[in-house]
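The values are calculated or read from the model by the stated rules, or taken from the named source; none is laboratory data. Nothing here was measured: the structure is a model prediction, and the numbers come from that model. Here the Cβ positions follow ideal geometry from the backbone for every residue, glycine too, while neighbour counts run over all protein chains shown. Ligands, DNA and RNA are stripped out before the accessible areas are found, and what is left, the full protein with its side chains, is counted by its heavy atoms. Shrake-Rupley method; radii C 1.70, N 1.55, O 1.52, S 1.80 Å.
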Amino acid sequence: MTMLSNLDLIRRVSLFSMLTPAQAEALSATVSKKRFKRGEVLVEQGAKSNALYIVLAGRTRVLMTDNKGKEVILATLQTGDYVGEMSLIDDEPHSATVVADQQVDVLVLGRDSFLRCLGENIEMAHSVMRVLVRRLRKASENISTLALVGVYGRVARVLLDSAVADAQGALLIHNKVSRQDIAKMVGASREMVSRVMKDFEEQGFIQLLDGGAIRVHERRVLPR
């Protein structure tokens, strides 16, 4: 973790960009830095952490597990994203588990400091509200997709959502995504996802590149 002061780190976080210098200075005395190794849990479903975790570097995955141990991947969080705000606002246990997908550095803000910031800065409160609404819309979209779209369409949606355009406009998935992870995202078996990926490759919708990257050719995939 780069040796930056808490104040320097706060100034790099978009969530805190609307704080006044005095507010940022006061907040810097209440936050701490923490590092999680790959596989370590940041927050646990059904538990309370009483803290906001802001990702400074690395990547995490958000999981929900049923009483039989079946996992569903809800989202991935990367630099600038944060987690734990729902539990801080309603004082209820976390609705999902967040696990480090690789080494992750975070900034940790306690509940009292978080709520005080929201009360003192309306723009920050609006920023948190916008993130919550965006996540709610995404959840509604995912529910609709699971209910109305076949496995081929669901896998295509995951691939397109994961791809980032390069300088030439080509869609690339740089981070290797396992078939098992995709299966957990779309509610299908690993074997079914492998079959879909093979069909997509044969159709020319995707191209597997060296190192595990995937090039996605954006065109309509016929639902099945």
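What's the total number of residues in the stretch 76-94 that are on the phi < 0 side of the Ramachandran plot and open to solvent by less than 70 Å² (accessible area, probe 1.4 Å)? Don't jump to the end; show me each part of the working.
Our first condition is that a residue be on the phi < 0 side of the Ramachandran plot; within the stretch 76-94, this holds for 76-79, 81-83, 85-90, 92-94.
Restricting the remaining residues to those that are open to solvent by less than 70 Å² (accessible area, probe 1.4 Å) gives 76-77, 81-83, 85, 87-88, 93-94.
So the answer is 10.
Filter the stretch 113-126 down to the residues that are touching a residue at least 24 places away in the same chain (Cβ under 8 Å) and open to solvent by 20 Å² or more (accessible area, probe 1.4 Å) and list them by number. Lay out the reasoning, then the answer.
Taking the stretch 113-126 first, the residues touching a residue at least 24 places away in the same chain (Cβ under 8 Å) are 113-115, 117, 120-121, 123-124.
Hits for the stretch 113-126 are Leu115, Glu120, Glu123.
Could you check the stretch 118-224 for strands (runs of 3 or more DSSP E) lying wholly inside it with 1 or more residues that are in contact with a Phe, Trp or Tyr (Cβ under 6 Å, 6 or more places away or on another chain) and on the phi < 0 side of the Ramachandran plot? If you could, list the steps in order and put the result at the bottom.
Details: elements: 171-173, 206-208, 214-216.
The strands (runs of 3 or more DSSP E) meeting that bar are 206-208.
What number of residues within the stretch 15-63 satisfy the criterion of being among the β-branched types (Val, Ile, Thr) and surrounded by fewer than 17 Cβ atoms within 10 Å (Cβ to Cβ)?
Just the residues of the stretch 15-63 that are among the β-branched types (Val, Ile, Thr), to begin with: 20, 30-31, 41, 43, 54-55, 60, 62.
Next, from what is left, pick out any that are surrounded by fewer than 17 Cβ atoms within 10 Å (Cβ to Cβ): 20, 30, 41.
So the count comes out to 3.
Restricted to the stretch 187-205, and to residues that are modelled with pLDDT of 90 or more and aliphatic (A, V, I, L, M), which residue is surrounded by the most Cβ atoms within 10 Å (Cβ to Cβ)?
Val196
So which residues in the stretch 102-112 are within 17 Å of Gln78 (Cβ to Cβ) and surrounded by fewer than 18 Cβ atoms within 10 Å (Cβ to Cβ), if there are any at all?
Within the stretch 102-112, the subset within 17 Å of Gln78 (Cβ to Cβ) is 102-107.
Listed by number, the residues that qualify are Gln102, Gln103.
Given the criteria within 24 Å of Leu4 (Cα to Cα) and modelled with pLDDT of 90 or more, does Val83 qualify?
Numbers: within 24 Å of Leu4 (Cα to Cα): yes; modelled with pLDDT of 90 or more: yes.
Judged against the criteria, Val83 is a match.
Considering Arg130, Arg137, Arg111, which residue is of a type in the set (Lys, Arg) and touching a helix residue (DSSP H, G or I) at 6+ places or on another chain (Cβ under 9 Å)? Full working, then the answer.
Numbers: Arg130 fails: touching a helix residue (DSSP H, G or I) at 6+ places or on another chain (Cβ under 9 Å); Arg137 fails: touching a helix residue (DSSP H, G or I) at 6+ places or on another chain (Cβ under 9 Å).
Arg111 is the lone residue from the list that is of a type in the set (Lys, Arg) and touching a helix residue (DSSP H, G or I) at 6+ places or on another chain (Cβ under 9 Å).
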